[in-house]
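All remarks here apply to the structure that follows.
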Amino acid sequence: MTYKLFANIYDKLMYDFDYEKVYSFIDKVYSASKLKNKTVLELGCGTGNLTEKLIKKFTVDAVDISLDMLSILSSKISSSNLRVFNHDMVDFKSDRLYSMVLSCCDSVNYIRSSKDIKKLFKNTFNQLEDEGIFIFDLNTEDKFISMENTYVDEVDDVFYVWENFYDVENKENTYSINFFVRKNNLYERFYEEHIEKVYSNKFIVDTLKSVGFKSIEVYSEYEFGMEINNSNRLVYIARR
């Protein structure tokens, strides 16, 4: 899924996502480490809402498969601390080693093959410096099961109908989204479909260990000390 027309209104729909909370969590993890290098690889950077915060402290390589998303990012951010790459994050390889690799906002859920999950984790491990940190999050099955089947909302000049279909057998959630974007006195309709895959906590931890990560911590909702059972979003910290 490449977020085609969705990219143009993505920021409006993410108005209630707390990027500051995510950044604060990441910064606390980095500050508590012994890392000195401040190079960060951000996988699935989208329109750069987290990137904007990261570049104030770190040198960032931002990767996304969607040119539309990256175009919006580039229109918002101009910094010598930023390099932007249009690439599939599963097999992205860089000329740098990083102190941290990040993948937030359920980007990893869009990887629907366990083989590709392992490939992503292995590539990430290889691109981290010693003691480097990989932080990413995943939407959980609990979230998809508890979501409303149909959600209707209006943000500024965008009206949308968001339908969720969770396939319990295949562990996949399909987002079916009809957008109506106001242009003058008319609305333009377009449709997108997104599919996210659910992975068990055990599978994720076992796969991280299998590629070499030696220390793995699991949190909920970018909060320290919060119970992870029945969490809607699990956050992983894996150390090389």
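Just so you know, all these numbers are worked out from the coordinates, no wet-lab data involved. Since the structure is predicted, the reported quantities are computational estimates derived from the model, not experimental observations. Quick reminder, even Gly has a Cβ in these numbers, built from the backbone with ideal geometry, and neighbours come from all protein chains shown.
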Worksheet, complete the sentence: Picked from region 201-216 (must be free of Cβ contacts under 8 Å to residues at least 24 places away in the same chain and loosely packed, with under 14 Cβ neighbours inside 10 Å), the residue farthest from residue 145 (Cα to Cα) is 206
Discussion item. Given the options 10, 23, name the one that is touching a Lys or Arg at 6+ places or on another chain (Cβ under 9 Å) and not charged (D, E, K, R).
Written reply: 23
Discussion item. Please count how many residues of region 54-83 are part of a strand (DSSP E or B), buried (at least 20 other Cβ atoms within 10 Å of the Cβ) and out of contact with any Phe, Trp or Tyr (no Cβ under 9 Å at 6 or more places or on another chain).
Written reply: 2
Worksheet item: Of these, 51, 47, 39, which one is farther than 28 Å from residue 155 by Cβ and either in contact (Cβ under 8 Å) with a residue 60 or more places away in the chain or not basic (Lys, Arg) (or both)?
Response: 39
